[in-house]
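Asker: Below: one structure in structure tokens.
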Amino acid sequence: MSTRVAIPHSTVLDMHAKAADADFQIWVAPPVAGLVPFPSGARHVLYVLDANLFFGTAVETTRLMSQLYGELPPILVVGIAYATDSPSVQAELRARDFTPSTDRAFEAMAAGFPGAPAPTLPEGERFGRAAEFLTFLTEEVKPFIEARYDVSPDASVLFGSSLGGLFTLYALMRRSDAFRAYIAASPALWWDDALLLREEEDLAASRGDLEATLFLAVGSEEERSDIPTLAPFKMVSNVRCLGERLASRGYRSLDLTTYVAEGESHTTMVPQALTRGLRSIYRPRRRDEASSAGGSLTPHSSAPPSARS
């Protein structure tokens with residue numbers, strides 16, 4: 001007899017997205033007090049993309065960091081998940097929801113991958129639904145959470161990795177006011193011939209400010225020339241490029257940190273991005289953090305965002 005292990009004090013809610021005409025699960029985990037009672041008041045919220053992959057990591061990380069030493073305030077973790085245990089189906093659905101366009105080169109590469117299962121989504125519906133997913137997230141999920149839980153609408157953080165990191169940056173560029181802070185880990189900036197890098201140029205030309213906090217992170221091992229499945233995507237180069245571009249724009253209200261984690265890969269980068277990103281958001285930065293972190297931490301602005309406690 002086998003028993004499923006559940007995350008304590010967590011809830012799974014089914015939700016149909018009107019904007020995206022698709023079904024999702026919303027996983028919710030409130031903070032849990034340790035030896036010292038939590039302060040009263042509305043909670044901060046961490047919205048986690050790819051909850052099927054990262055929800056447990058985010059929940060236990062935020063709980064531990066708030067319980068023991070108060071490194072974080074009490075945080076309600078909200079994960080956007082899919083009601084399937086199949087990794088291949090999850091991969092299809094996230095590619096549909098997190099991408100702003102179709103990438104024909106990626107589609108051909110994925111189709112030719114040895115052992116790749118046949119797609120379950122119909123042709124024409126496999127990519128490019130980021131706009132609908134963003135509407136769902138901002139106009140359906142966020143209001144639902146804010147109505148159901150005692151949270152502060154002005155203290156929310158969006159976290160995404162890989163294609164989820166691509167979407168996190170897409171959300172920042174399209175709706176920078178939707179979240180107070182953004183953590184983009186190993187973002188797939190290579191998507192559709194670096195579409196988001198081109199969109200950043202349009203963004204810079206159309207607005208004089210960008211009011212948000214962005215923690216932009218990548219692992220140093222994500223562009224190794226001896227790993228042919230990684231090197232062509234230029235993960236590190238693209239993150240550095242975007243970070244330098246955003247820093248050069250002179251956005252008065254943008255609090256930007258670009259972080260390259262030494263020795264971390266595409267998968268091991270996730271917990272690093274969460275811990276370093278959340279600490280960066282919720283406390284003033286120390287200039288000596290780069291050496292203690294074992295990576296390159298580049299704060300481009302030291303103005304404390306309002307999300308910090």
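The numbers here are math on the coordinates, done by the rules we state, and not lab data. Computed from a predicted structure; not experimentally measured. So basically every Cβ, Gly included, is an ideal-geometry build from the backbone, and we count neighbours across all protein chains shown.
Asker: Determine the percent antiparallel among the DSSP beta bridges restricted to the stretch 10-135, to the nearest 5.
Answerer: 70
Asker: Turning to a different aspect of this structure: So in the chain, what percent of DSSP beta bridges are antiparallel if you round to the nearest 5?
Answerer: Given both bridge residues lie in the chain, the antiparallel proportion sits at roughly 40 percent.
Asker: Next up: If a/c stays under 1.5 just call it rounded; otherwise compare a/b with b/c (prolate if a/b is bigger, oblate if not). Do that for the stretch 151-208, with a ≥ b ≥ c from the square roots of the Cα gyration tensor eigenvalues. Before the final figure, lay out the partial values.
Answerer: Values: a/c = 3.46, a/b = 1.29, b/c = 2.68.
Oblate is the answer for the stretch 151-208, as a/c is 1.5 or above yet b/c matches or exceeds a/b.
Asker: Figure the gain on full extension for ASP209 and THR84 (residue separation times 0.36 nm, minus the Cα-Cα span) and round it to one decimal in nm. Show your work: numbers first, answer last.
Answerer: On the way: separation 125, 0.36 × 125 = 45.00 nm, distance 4.04 nm.
Extending this stretch completely gives an extra 41.0 nm.
Asker: Also, I was wondering about something else. Using alpha-carbon pairs under 8 Å, 6+ residues apart, how would you state the relative contact order of the chain in percent?
Answerer: 15 percent.
Asker: Determine the calculated [θ] at 222 nm for the chain from helices alone, applying -39500 (n - 2.57) to every DSSP H run no shorter than 4 residues and normalising by the residue count; nearest 500 deg cm²/dmol.
Answerer: Per the formula, -11000 deg cm²/dmol.
Asker: Which peptide among 198-208, 168-178, 135-145 comes first, and what is the full order, when sorted by highest mean count of other Cβ atoms within 10 Å?
Answerer: The packing order, highest mean first, is 168-178, 135-145, 198-208.
Asker: Turning to a different aspect of this structure: Suppose a student asked you for the relative contact order of the stretch 14-100, using Cα pairs under 8 Å spaced at least 6 residues apart; what percent would you report?
Answerer: Values: 119 pairs, mean separation 31.1, N = 87.
Normalised by residue count, the contact order of the stretch 14-100 is 36 percent.
Asker: Take the chain, connect every pair of alpha-carbon atoms lying under 10 Å apart with a spring to form a Gaussian network, then pick out the residue of VAL239, VAL78, VAL151 with the largest mean-square fluctuation.
Answerer: Comparing VAL239, VAL78, VAL151 in the GNM, the peak value goes to VAL151.
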